[in-house]
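Peer 1: Have a look at this one before I ask anything.
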Amino acid sequence: MTAFTDGELDAITIVLKALAHDVRLRLMRTLLDHGETSVSELEALTGVGQPGLSQQLAVLRKAELVQTRREAKLVFYSLAPQGLHAAAQLLAALSRTAPGEAGPRPGGTQARVRGSAATFARMLE
């Protein structure tokens, strides 16, 4: 398993906290689906109004998960996938379990966790 420094784990924590909010995760998914998008388009696509949209985008910018580009008075947002790489590596490592290391959890939880981490890791490709 890949070793992570305390600093890397701190950075991963910031990323995961930023993603652990329904509106921010919806914004990330919208950017994944639509690519670079203006603030007004994000508002229309997500139904998140001002100033909530600006607040959530600021959190994503601070976590370095999105990048911006200005064109006159318009601000465009796009994903900054490099901000997700360390978190994706950790989640991928956590989702891989060698046979015999850990048995399945009651109710099949282990399979759902693996699928979730794999889905997250595919977002970065």
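Yes or no, residue by residue, for (1) at pLDDT 55 or above; (2) in contact with a His (Cβ under 8 Å, 6 or more places away or on another chain); (3) within 16 Å of Leu19 (Cα to Cα):
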| site | (1), (2), (3) |
| --- | --- |
| Val66 | yes, no, yes |
| Glu71 | yes, no, no |
| Leu79 | yes, no, yes |
| Gln82 | yes, no, yes |
| His85 | yes, no, yes |
| Arg96 | yes, no, no |
| Arg105 | no, no, no |
| Arg112 | no, no, no |
| Ala117 | no, no, yes |
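Conditions (1) in contact with a helix residue (DSSP H, G or I) (Cβ under 9 Å, 6 or more places away or on another chain); (2) within 22 Å of Ser95 (Cβ to Cβ); (3) of a type in the set (A, V, I, L, M), marked per residue:
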| position | (1), (2), (3) |
| --- | --- |
| Gly7 | no, no, no |
| Leu16 | yes, yes, yes |
| Ala20 | no, yes, yes |
| Met28 | yes, yes, yes |
| Val75 | yes, no, yes |
| Leu84 | yes, yes, yes |
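Peer 1: How about region 1-98: which helices (runs of 4 or more DSSP H) wholly inside it have at least 2 residues that are within 16 Å of the chain's Cα centre (by Cα)?
Peer 2: 6-19, 22-34, 52-62, 85-95
Peer 1: Testing Ala58 on (1) surrounded by 17 or more Cβ atoms within 10 Å (Cβ to Cβ); (2) of a type in the set (A, V, I, L, M); (3) free of Cβ contacts under 8 Å to residues at least 24 places away in the same chain, one condition comes back false. Which one is that?
Peer 2: Of (1) surrounded by 17 or more Cβ atoms within 10 Å (Cβ to Cβ); (2) of a type in the set (A, V, I, L, M); (3) free of Cβ contacts under 8 Å to residues at least 24 places away in the same chain, only one is false for Ala58: (1).
Peer 1: Gly35 is checked against (1) modelled with pLDDT of 95 or more; (2) out of contact with any Phe, Trp or Tyr (no Cβ under 7 Å at 6 or more places or on another chain); (3) of a type in the set (Gly, Ala, Ser); (4) surrounded by 13 or more Cβ atoms within 10 Å (Cβ to Cβ) and fails just one. What number does that condition carry?
Peer 2: All conditions pass for Gly35, except number (4).
The values are calculated or read from the model by the stated rules, or taken from the named source; none is laboratory data. Keep in mind the model is a prediction, meaning the values are calculated, not measured. Here Cβ is always computed from backbone atoms with ideal geometry, including for glycine, and neighbour counts include all displayed protein chains.
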